[in-house]
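Read the structure below first, then the notes.
The values are calculated or read from the model by the stated rules, or taken from the named source; none is laboratory data. Treat the numbers as computed from the prediction; the structure is a model and nothing was measured. Neighbour counts run over all protein chains shown; Cβ positions are idealised from the backbone, glycine included. All accessible areas refer to the heavy atoms of the entire protein, side chains included, with ligands and DNA or RNA removed. Shrake-Rupley method; radii C 1.70, N 1.55, O 1.52, S 1.80 Å.
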Amino acid sequence: MSSWFVRVTEYRDRMVELNQEITWVPENVKDGQFGKWVQNARDWSVSRNRYWGSPIPVWRSDDPEYPRVDVYGSLAELERDFGRLPVNADGETDLHRPFIDELTRPNPDDPTGRSTMKRIEDVFDVWFDSGSMPFAQVHYPFENEEWFDSHSPADFIVEYIGQTRGWFYVMHALSTPLFDRPAFSNVISHGIVLGSDGQKMSKSLRNYPNVNEVFDRDGADAMRWFLMSSSVIRGGNLIVTEEGIRESVRQFLLPLWSTYYFFTLYSKGYEATWRTDSADVLDRYLLARTRQLVDDVAADLEALDSPLATAKLRDFADVLTNWYVRRSRDRFWEGSDRDAFDTLYTVLETVTRVAAPLAPLVTEEVWQGLTGGRSVHLTDWPDAQAFPADDALVDAMDRVRDIASSGLALRKATGNRVRLPLASITVVSADPAGLVPFQGILRDELNVKDVTFAELTEESLGDYGVTRKLTVNARAAGPRIGKQVQQVIPASKKGDWTAAGDNVIVGGIELLPGEFSLELTVADDTSAIAFVGDGGFVLLDTATTPELEAEGLARDVIRAVQQARKTADLDVSDRIRLALGVDPVAEAAVETHRDLIMSETLTTHLEVDLATEAAADAVAVGSGSAVTVQVQRHE
């Protein structure tokens with residue numbers, strides 16, 4: 001069966017050249033899957049022997065003795081040669097079969113007048129229609145010529161990786177000879193979205209979460225964030241699970257909403273102002289971090305890298321909720337710190353604009369609630385220059401956060417709850433002077449009485465009685481280094497190793513992360529140690545005293561009272577009358593720290609009764625004590 005072809009091989013080299021002008025995500029597709037397909041492109045068979053489809057506008061003589069082929073490019077040309085246009089039963093112009101096939105005329109090259117020009121029966125391959133989409137959608141070249149010339153190439157398109165041989169290719173194959181330019185400038189060629197069983201999504205198998213249930217339970221933004229933050233954007237395959245979608249809520253949507261709720265809860269009656277001039281160190285840190293966020297997310301989105309953009313927003317949400325808001329809670333509690341309210345308002349308003357392309361519905365709700373404006377999607381992208389630049393502060397505070405995280409991890413590992421104050425922590429760092437201004441923050445964050453800084457030297461580990469034990473992971477290292485694993489194991493036991501960045505050199509052989517583990521031990525069994533990001537380490541003194549235990553118990557009581565306030569549905573500003581039932585140990589601690597308990601819980605009257613036996617509703621506090629809690633709003 002004969003076929004009609006587009007002679008792609010004549011301009012294939014030009015297609016290869018124009019492909020270099022396209023930004024591909026993932027980048028390897030340009031010279032990989034798509035580039036190689038273009039380099040080896042063959043002539044394209046564009047005809048199909050079918051009834052339905054776009055008729056090929058070619059008329060041919062039905063007498064081979066008088067051959068003639070006419071190709072038509074417009075309705076005007078058809079009407080000129082045939083005297084009319086094809087029309088359907090309703091009298092409407094219709095270019096489809098059978099109406100188009102009714103147009104015939106005598107062959108002008110046949111002097112006998114017996115042969116007839118008839119349209120060939122073939123229709124176009126549907127991929128020809130797809131490739132014509134950029135110009136056909138606006139009826140170019142018959143209309144909208146200026147519009148098309150200013151909108152081609154398209155700024156952005158997206159489809160799955162298989163379209164490198166489909167839609168992406170046919171648009172490129174037509175745009176090159178017609179316009180000598182690419183059909184598109186930027187393209188995401190994403191991976192395949194798979195069902196929860198790892199197989200291709202199938203309606204018959206129903207191997208994917210019910211979309212309506214996901215929308216009702218988690219929201220449409222959760223599904224969008226799940227997709228936009230995943231490796232599928234970079235060409236990898238993605239298994240869709242309900243757990244993955246819910247993780248999207250936990251990563252960003254819930255922290256954003258919780259912070260917005262916190263702001264609205266404490267700012268009642270206060271009209272916040274958009275400003276960035278606070279002198280408070282936490283405010284300045286958050287504002288400088290916001291400046292970085294605006295620039296970084298803009299760069300990621302310009303590079304079509306939504307996974308990186310979502311990661312930046314996720315990390316920022318952690319800073320916002322688990323550091324800034326938590327560390328600043330007392331400032332909001334007091335209700336009179338304008339810097340705190342204005343800073344949080346400014347940052348929330350800005351973050352919603354930054355996140356709007358990735359979580360359009362939640363950010364719309366938050367932004368409208370903050371500003372009363374029409375829509376976040378009608379606003380401009382934030383101006384990073386409106387925020388203060390302070391990279392030194394950001395770096396220092398991030399180091400403080402790292403130290404705090406290590407200290408809290410040590411508390412957990414040694415079984416010392418956060419409300420139990422400890423005597424001290426020692427921070428050994430390459431730049432201790434840069435951390436000194438944040439001594440108070442670390443003291444409060446880690447609930448220790450003293451924070452000591454020391455400069456990191458080669459002798460630091462020995463000075464603090466710290467030894468390091470290296471263990472080789474033979475199962476992980478073996479496949480890479482082979483028989484050499486038998487050389488590194490005894491070398492590690494002898495201590496014949498040195499650190500080399502993230503790697504180690506053991507007996508002259510380099511091991512990579514995951515192929516070894518480092519265990520720190522301290523001579524003093526009342527200390528716990530952990531490395532921190534700058535190569536230094538922290539030593540936490542875990543020894544307790546009766547005084548520290550008593551204060552820890554009092555703070556447990558405060559936590560129990562706050563929970564009772566919440567259970568009683570009291571407002572955060574309500575003053576209360578408080579009654580505590582205590583055992584003798586708890587009684588001593590409560591009386592010692594009576595003022596602390598009353599101030600932290602907004603208590604106007606505190607009654608402490610010694611209980612002879614533990615009540616059923618008693619709350620565990622301290623190390624084996626229990627208290628009962630009764631709260632009543634103070635009228």
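Here are some notes:
- Among the residues of the stretch 620-632, those that are open to solvent by 60 Å² or more (accessible area, probe 1.4 Å) and touching a strand residue (DSSP E or B) at 6+ places or on another chain (Cβ under 9 Å) comprise 620, 630, 632.
- Residues (surrounded by 14 or more Cβ atoms within 10 Å (Cβ to Cβ), assigned to a loop (DSSP other than H, G, I, E, B), in contact with a Lys or Arg (Cβ under 9 Å, 6 or more places away or on another chain) and hydroxyl-bearing (Ser, Thr, Tyr)) located in the stretch 19-71: 66
- Count of residues meeting criterion [in a helix (DSSP H, G or I), crowded, with 16+ Cβ neighbours inside 10 Å and of a type in the set (Ser, Thr, Tyr)] in the stretch 225-248: 1
- Count of the stretch 125-139 residues, restricted to those that are buried (at least 19 other Cβ atoms within 10 Å of the Cβ) and over 36 Å from the mean Cα position of the chain (by Cα), is 2.
- Looking only at the stretch 426-447, and only at residues there that are more than 18 Å from residue 323 (Cβ to Cβ), in contact (Cβ under 8 Å) with a residue 40 or more places away in the chain and in contact with a strand residue (DSSP E or B) (Cβ under 7 Å, 6 or more places away or on another chain), the one that is surrounded by the most Cβ atoms within 10 Å (Cβ to Cβ): 428
- Looking only at the stretch 313-357, and only at residues there that are polar (S, T, N, Q) and open to solvent by less than 10 Å² (accessible area, probe 1.4 Å), the one that is farthest from residue 396 (Cα to Cα): 352
- Selection count where residues are free of Cβ contacts under 8 Å to residues at least 60 places away in the same chain and either of a type in the set (A, V, I, L, M, F, W, C) or in contact with a Phe, Trp or Tyr (Cβ under 7 Å, 6 or more places away or on another chain) (or both), scope the stretch 111-126: 3
- Within the stretch 81-122, the only residue that satisfies the criterion of being under 59 Å from the mean Cα position of the chain (by Cα) and of a type in the set (Phe, Trp, Tyr) is 99.
- Whether a residue is open to solvent by 20 Å² or more (accessible area, probe 1.4 Å), part of a helix (DSSP H, G or I), in contact (Cβ under 8 Å) with a residue 40 or more places away in the chain and farther than 25 Å from residue 438 by Cβ was assessed, and residue 370 passes this test.
- Residue check for residue 79: in a helix (DSSP H, G or I) and in contact with a Leu (Cβ under 6 Å, 6 or more places away or on another chain): yes
- Checking residue 187 against (1) surrounded by 16 or more Cβ atoms within 10 Å (Cβ to Cβ); (2) without any contact (Cβ under 8 Å) to a residue 60 or more places away in the chain, the condition it does not meet: (2)
- Residue that is within 30 Å of residue 500 (Cβ to Cβ), aromatic (Phe, Trp, Tyr), open to solvent by 50 Å² or more (accessible area, probe 1.4 Å) and touching a residue at least 24 places away in the same chain (Cβ under 8 Å), where the choices are 537, 516, 531: 531
- Residues in the stretch 477-493 that are over 23 Å from residue 521 (Cβ atoms) and in contact with a Gly (Cβ under 8 Å, 6 or more places away or on another chain) were compared, and the one that is surrounded by the most Cβ atoms within 10 Å (Cβ to Cβ) is 485.
- Here the condition is being open to solvent by 70 Å² or more (accessible area, probe 1.4 Å), not acidic (Asp, Glu) and not in a strand (DSSP E or B); of 419, 468, it holds for 419 alone.
- You will find that of 189, 130, 150, 175, the residue that is small (Gly, Ala, Ser) and assigned to a strand (DSSP E or B) is 189 and no other.
- In the stretch 373-406, the residue that is nearest to residue 320 (Cα to Cα) out of those that are in a helix (DSSP H, G or I) and basic (Lys, Arg) is 401.
- From 524, 496, residue being within 19 Å of residue 413 (Cα to Cα), in contact with a Gly (Cβ under 7 Å, 6 or more places away or on another chain) and surrounded by fewer than 16 Cβ atoms within 10 Å (Cβ to Cβ): 524
- Boolean, residue 46 is touching a residue at least 40 places away in the same chain (Cβ under 8 Å) and within 30 Å of residue 301 (Cα to Cα): no
- Residue match in the stretch 599-619 (condition: open to solvent by less than 60 Å² (accessible area, probe 1.4 Å) and in contact with a Lys or Arg (Cβ under 6 Å, 6 or more places away or on another chain)): yes
- Residue within the stretch 160-174 that is surrounded by 14 or more Cβ atoms within 10 Å (Cβ to Cβ), more than 25 Å from residue 5 (Cβ to Cβ), at pLDDT below 95 and of a type outside the set (Val, Ile, Thr) present: yes
- Qualifying residue in the stretch 288-300 (condition: farther than 29 Å from residue 187 by Cβ, part of a helix (DSSP H, G or I) and not charged (D, E, K, R)): yes
- Filter result for the condition that a residue is open to solvent by 40 Å² or more (accessible area, probe 1.4 Å) and under 29 Å from residue 391 (Cβ atoms), over 274, 257: 274
- Check on residue 365, free of Cβ contacts under 8 Å to residues at least 24 places away in the same chain and either open to solvent by 40 Å² or more (accessible area, probe 1.4 Å) or not in a loop (DSSP other than H, G, I, E, B) (or both): yes
- The set of residues from the stretch 140-150 being exposed (fewer than 14 other Cβ atoms within 10 Å of the Cβ) and in contact (Cβ under 8 Å) with a residue 12 or more places away in the chain comprises just one member, 142.
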